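Below is one structure, written out as structure tokens, with a few remarks after it.
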Amino acid sequence: MNNAITISKKKIWKLLEQVNDPEVPVLSIIDLGIVRDVKINNDEAEVIITPTYSGCPAMDMIKMNIRMALLQHGFQKIKITSILSPAWTTDWMSGHGKEKLKSFGIAPPTSKQQVCHTELFHEGEAIQCPRCNSYNTRLTSQFGSIACKAMYQCNDCKEPFDYFKCH
Ligand SMILES: [Zn+2]
């Protein structure tokens, strides 16, 4: 019985690696670090997640995608629980996830939390260009192609790029 639970849990964690963030499809929800726990209660599978941004419309889609992934692999009773506290921060994103973002041409979030939580962001903190690694970049728009990104432009290579906003 306990063994079966362990196998099911492992299977669920594997399946969750296949569930991508609809806004940044190179990242799985495991890369994002939003999956807090997986539980098996009798015949019910429970996935506990912390939303990246409250009110982020992608969260509904993520929940639906988790449900679909588990349904397709034989789980019938699925519960998805959101835990809001402690709040998700970009520090929970895996190193692997940050690398993936960069190779996708999106500047990964800076890991310095104090920077993220100050007004510096709004004045344009030094964000590294994902293409040429220059810090000589400027904020062009707070609102990128999606709500959770900001648009930057590199002053050196002139490339515009998205920055995954700190939170
Ligand atoms: Zn550049």
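Quick note: the coordinates plus some simple rules give every number you see, no bench work behind them. Not measured: the values here are computed from a predicted model. Neighbour counts are summed over all protein chains in view; Cβ atoms, including those assigned to glycine, are modelled from backbone coordinates with ideal geometry.
Round to the nearest 0.05 the FRET efficiency obtained for Lys39 and Lys11 when R0 = 22 Å and r is the Cβ-Cβ distance. E between Lys39 and Lys11, to the nearest 0.05, is 0.95. Shown in residue order for region 74-82 are the 3J(HN,Hα) couplings computed by the Karplus curve 6.51 cos²θ - 1.76 cosθ + 1.60 at θ = phi - 60°: x, 7, 9, 9, 10, 10, 10, 10, 9 Hz (x for Gly and Pro). Under a 5 Å amide H cut-off, with hydrogens placed 1.01 Å from N, Ile83 pairs with Ile49, Thr50 among residues at least 5 apart or on other chains.
All other residues whose Cβ lies under 10 angstrom from that of His73 are scored, Lys and Arg at +1 and Asp and Glu at -1, for a net of +2.
Of all lysines in the structure, the ones whose alpha carbon falls short of 28 Å from that of Lys9, not counting any fewer than 8 places away in one chain, are Lys39, Lys63, Lys77, Lys79, Lys98, Lys100. Relative to the current alpha-carbon distance between His73 and Ala126, full extension at 0.36 nm per residue lengthens the span by 14.7 nm. Each other residue within a Cβ distance under 14 Å of Gln153 adds +1 if Lys or Arg and -1 if Asp or Glu, for a net charge of +1.
Couplings for region 17-25, taken from phi via the Karplus curve 6.51 cos²θ - 1.76 cosθ + 1.60 with θ = phi - 60°, read 5, 8, 8, 9, 6, x, 8, 10, x Hz in order; Gly and Pro are left as x.
Taking a Cβ cut-off of under 15 Å around Ser85, the surrounding Lys, Arg, Asp and Glu residues balance to a net charge of 0, with basic ones at +1 and acidic ones at -1.
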